[in-house]
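Q: Sharing a structure, written as C-alpha cells. Questions coming.
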Amino acid sequence: MTGINLKCSCGAVTGTANAEKPSSGSRIICCCSDCQAFAAYLGREKDILDEFGGTEIYQCTPSQIFIEQGHDNLQSMRLTKKGLLRWHTSCCNTPVGNTVKAGLPFVGLIHSFIDAYPTERDNILGPVKMAIQIQDAIGTPTYEHQAEKFPFGLTAGLVKNILVWKIQGKHKPNAFFSKDGRPIVKPIIAHKQA
Ligand SMILES: [Zn+2]
Ligand SMILES: [Zn+2]
C-alpha cells in the first residue's frame with residue numbers, strides 16, 4: 001500500500017497515512033483566521049503558515065491514518081466551544097489535524113505532521129488544488145488557484161466525498177476517537193484571541 005510517513009517535530013509520535021492514489025484525498029491551503037490562530041496557539045506560526053498565513057492540509061479519512069507510536073502525546077483543542085476539534089502533539093506542539101466528530105469520515109491532516117518533502121507530497125498526495133479563505137490571508141496572496149471563503153465546487157466535492165466515505169465506513173478505524181465516539185483525550189477550549 002502506498003503511504004506517506006507521519007512524524008511530529010521531535011519524533012515521539014509517528015504513523016502512516018495511506019494514499020493508494022492521489023484521489024484518496026485532496027490537498028488545499030486554508031488561509032482562515034482560525035487555522036492561523038491554531039498555529040499561534042501552538043507558537044508555531046513561523047513553520048506552519050506560509051507567507052500568506054496559509055496552512056497546507058490534506059483532506060482525507062480517519063481510516064487512512066495510523067498512529068504507530070506516541071499515541072499518548074496526542075492532545076486536542078477547540079478554539080471555540082463548537083469549533084473544529086484540532087489535534088496536536090503535547091511533546092513538541094506539532095499540529096496534527098482537524099476533525100469534526102467520530103461519525104464524520106473526515107480528517108484535515110496538517111502538513112507539519114507529514115514527514116515528506118513537498119515534491120514527495122505532490123507525487124503521493126497529488127497537487128494542492130486551491131487556496132481557500134483568502135479573505136483572511138496576510139498581504140496579497142498570489143496562489144495559482146485561490147478563492148475567498150469555501151468555493152462551492154470544492155465544498156460540493158468534499159461533501160460528496162464525505163457521503164461516499166461514510167457509506168464505505170471510512171470513519172473507522174479512527175485514531176482520534178474511542179469506540180463510544182468520544183475524543184481519545186478531552187479537548188481544551190481556548191478562547192480565540194481577537
Ligand atoms: Zn513530538
Ligand atoms: Zn482554516
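Q: Taking the range 1-108, which trypsin sites (Lys or Arg not before Pro) meet the DSSP loop condition and have no more than 15 other C-beta atoms within 10 Å?
A: Details: sites: Lys7, Arg27, Arg44, Lys46, Arg78, Lys81, Lys82, Arg86, Lys101; in loops: Arg44, Lys81, Lys82, Lys101.
Here the sparse-neighbourhood loop sites are Lys81, Lys82, Lys101.
Q: Continuing with this model, one more query. Counting only DSSP beta bridges with both residues in the chain, what percent are antiparallel, rounded to the nearest 5? Mind dumping the intermediate values first?
A: Numbers: 31 of 38 bridges.
Counting only bridges with both partners in the chain, antiparallel ones make up about 80 percent.
Q: How high is the relative contact order of the range 3-189, given as a whole-number percent (alpha carbon pairs under 8 Å, six or more residues apart)? Working shown, then result.
A: Details: 390 pairs, mean separation 53.3, N = 187.
About 29 percent, as a whole number.
Q: Kindly point out which whole DSSP H helices in the chain project their C-alpha atoms 18 angstrom or further along the helix axis while averaging a Kyte-Doolittle hydropathy of 0.5 or above. Provide the component values of the computation, followed by the final result.
A: Working: long enough: 152-167 (23 Å, 1.23).
What comes out of the filter, once short or polar helices are dropped, is 152-167.
Q: Please list the three semi-axes, largest first and in whole Å, of the ellipsoid equivalent to the chain, using sqrt of 5 times the eigenvalues of its alpha carbon gyration tensor. Let's see the in-between values first.
A: Working: eigenvalues 98, 81, 60 Å².
Each semi-axis is √(5λ); the values are 22, 20, 17 Å.
Q: Let me ask something else about it. What FRET efficiency, computed as 1/(1 + (r/R0)^6) with R0 = 22 Å and r the Cβ-Cβ distance, is obtained for Ser90 and Glu45, rounded to the nearest 0.05? Intermediate values should be presented prior to the final figure.
A: Numbers: r = 19 Å, r/R0 = 0.85.
Approximately 0.70, to the nearest 0.05.
Q: Another one. Roll a 1.4 Å probe over the protein heavy atoms and report the accessible area of Glu51 in Å², nearest 10.
A: 150 Å²
Q: Ok, one more. Put a dot 7 Å past each Cα toward the Cβ at Gln135 and Val100; how far apart are the dots in nm?
A: Those two pseudo-labels are separated by 2.0 nm.
Q: How many angstrom separate the Cα center of the range 14-65 from the Cα center of the range 127-194?
A: Their Cα centres are 9 Å away from one another.
Q: Report, largest value first, the span of the C-alpha coordinates of the range 111-194 along each principal axis, in whole Å.
A: 44, 36, 30
Q: Compute the label zone of Glu120 within the range 18-37: residues whose backbone N is under 16 Å from the point 7 Å along Cα-to-Cβ.
A: 18-20
Q: Keeping the other protein chains in place, figure out the carbon and sulfur percent of the accessible area of the chain, with a 1.4 Å probe. Walk me through the numbers on the way to the answer.
A: Working: 5470 of 9990 Å².
Using a 1.4 Å probe with all protein chains present, the chain comes out at 55 percent carbon and sulfur.
Q: With a 1.4 Å probe and every protein chain left in place, work out the accessible area per residue of the chain in Å², rounded to a whole number. Display every interim value, and only then the final one.
A: Working: 9990 Å² over 194 residues.
Heavy-atom accessible area per residue stands at 51 Å².
Q: Mean residue ellipticity at 222 nm from the helices of the chain, using -39,500 (n - 2.57) per DSSP H segment of n ≥ 4 over the full residue count, to the nearest 500 deg cm²/dmol?
A: Values: 4 runs with 37 residues, N = 194.
The per-residue figure over the chain is -5500 deg cm²/dmol.
Q: Please give the charge dipole size of the chain, origin at the Cα centre, charges +1 on K and R Cβ atoms and -1 on D and E Cβ atoms. Round to the nearest 20 debye. Mind showing how you got there, number by number?
A: Details: 21 positive and 16 negative charges, 193 e Å.
The dipole magnitude comes to about 920 debye.
Q: Got a number for the accessible area of Glu68? Probe 1.4 Å, square angstrom, nearest 10.
A: Taking all protein chains as shown, Glu68 has close to 120 Å².
Q: How much length is gained on full extension from Ser178 to Lys82, taking 0.36 nm per residue of separation minus their Cα-Cα distance? Before the final figure, lay out each step's value.
A: On the way: separation 96, 0.36 × 96 = 34.56 nm, distance 1.94 nm.
That pair, Ser178 and Lys82, stretches by 32.6 nm at full extension.
The values are calculated or read from the model by the stated rules, or taken from the named source; none is laboratory data. Predicted, not measured: the structure shown is a model, and the values here were computed from it. Using ideal geometry, Cβ is built from the backbone for each residue, glycine included, and neighbour counts are taken over all protein chains shown. To get the accessible areas, we keep the full protein, side chains included, count just its heavy atoms, and leave off ligands, DNA and RNA. Shrake-Rupley method; radii C 1.70, N 1.55, O 1.52, S 1.80 Å.
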